[in-house]
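Trainee: Please see the structure below; I have some questions.
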Amino acid sequence: MIKFDNFSTAYQKKIVEFINSVNDSFNSPKKLTDVFFGQTINVPPSSPETDCYIASINNNILGFLQIVKEPSVKRIVGLQTICEGSNFAEIFQNFLTISVRHATLT
């Protein structure tokens, strides 16, 4: 069963490793660093603990969602990284639902 949790700094290193592994599968030459990741999830007015989500099974990360709030244009953007596999559609759908819920609260 896929578990969806809010972000916690305890997950940060594993999330960076996860995002880099997914990017590697697309032959992306870019590597995300812990420092840059920390900066991107803390851009005001975002709050990582309420705006970032992790999808996992048995503590293995399968997806990460960051909600970016853009109040000046009255929108939110959901940035997501999901590994390929049999759980992709379910994770994508749940992340979409979470994003829509954030949009209706904004």
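Only the coordinates and a few stated rules stand behind these numbers; no lab work does. Everything numeric in this text was worked out from a predicted model, so none of it was measured. Positions of Cβ are backbone-derived with ideal geometry, glycine not excepted, and every protein chain shown enters the neighbour counts.
Trainee: Which residues' amide hydrogens lie under 5 Å from the amide hydrogen of Cys52, considering only partners 5 or more residues apart or on another chain, with H built in the peptide plane?
Mentor: Correct list: Phe7, Ile67.
Trainee: Moving on to the next point. Evaluate Rg over Rh across the chain, taking Cα atoms for both radii and Kirkwood's formula for Rh.
Mentor: Dividing the radius of gyration by the Kirkwood radius yields 0.95.
Trainee: Could you work out the local net charge near Leu62, counting Lys and Arg as +1, Asp and Glu as -1, over the other residues with Cβ closer than 11 Å to its Cβ?
Mentor: Local charge sum for Leu62: -1.
Trainee: Please go through the stretch 18-106 and write out the chymotrypsin sites (Phe, Trp or Tyr not before Pro) that DSSP classes as loop and that have at most 16 other C-beta atoms within 10 Å.
Mentor: Phe26
Trainee: Quick one: what are the phi-derived ³J(HN,Hα) couplings along the stretch 48-59, Karplus 6.51/-1.76/1.60 with θ = phi - 60°, whole Hz, x for glycine and proline?
Mentor: For the stretch 48-59, the Karplus curve yields x, 5, 10, 10, 10, 9, 10, 9, 8, 10, 6, 6 Hz.
Trainee: So if I place +1 on the C-beta of Lys and Arg and -1 on the C-beta of Asp and Glu, and nothing else carries charge, what would the dipole magnitude of the chain be about its Cα centre? I want it in debye, nearest 20.
Mentor: 220 debye
Trainee: Of all trypsin sites (Lys or Arg not before Pro) in the stretch 23-106, which ones are in loop regions per DSSP and have a Cβ with at most 13 other Cβ atoms within 10 Å?
Mentor: Passing sites in the stretch 23-106 are Lys30, Lys31, Lys74.
Trainee: Projected onto the charge dipole of the stretch 3-105 (+1 at Lys/Arg Cβ, -1 at Asp/Glu Cβ, origin at the Cα centre), which of Val43, Asn58, Phe4 gives the Cα projection farthest towards the positive end?
Mentor: The residue sitting most towards the positive pole is Val43.
Trainee: Find, to one decimal place in angstroms, the Kirkwood hydrodynamic radius of the stretch 10-54, where the mean of 1/r is taken over every pair of different Cα atoms and then inverted.
Mentor: Mean inverse Cα-Cα distance, inverted, gives 11.3 Å.
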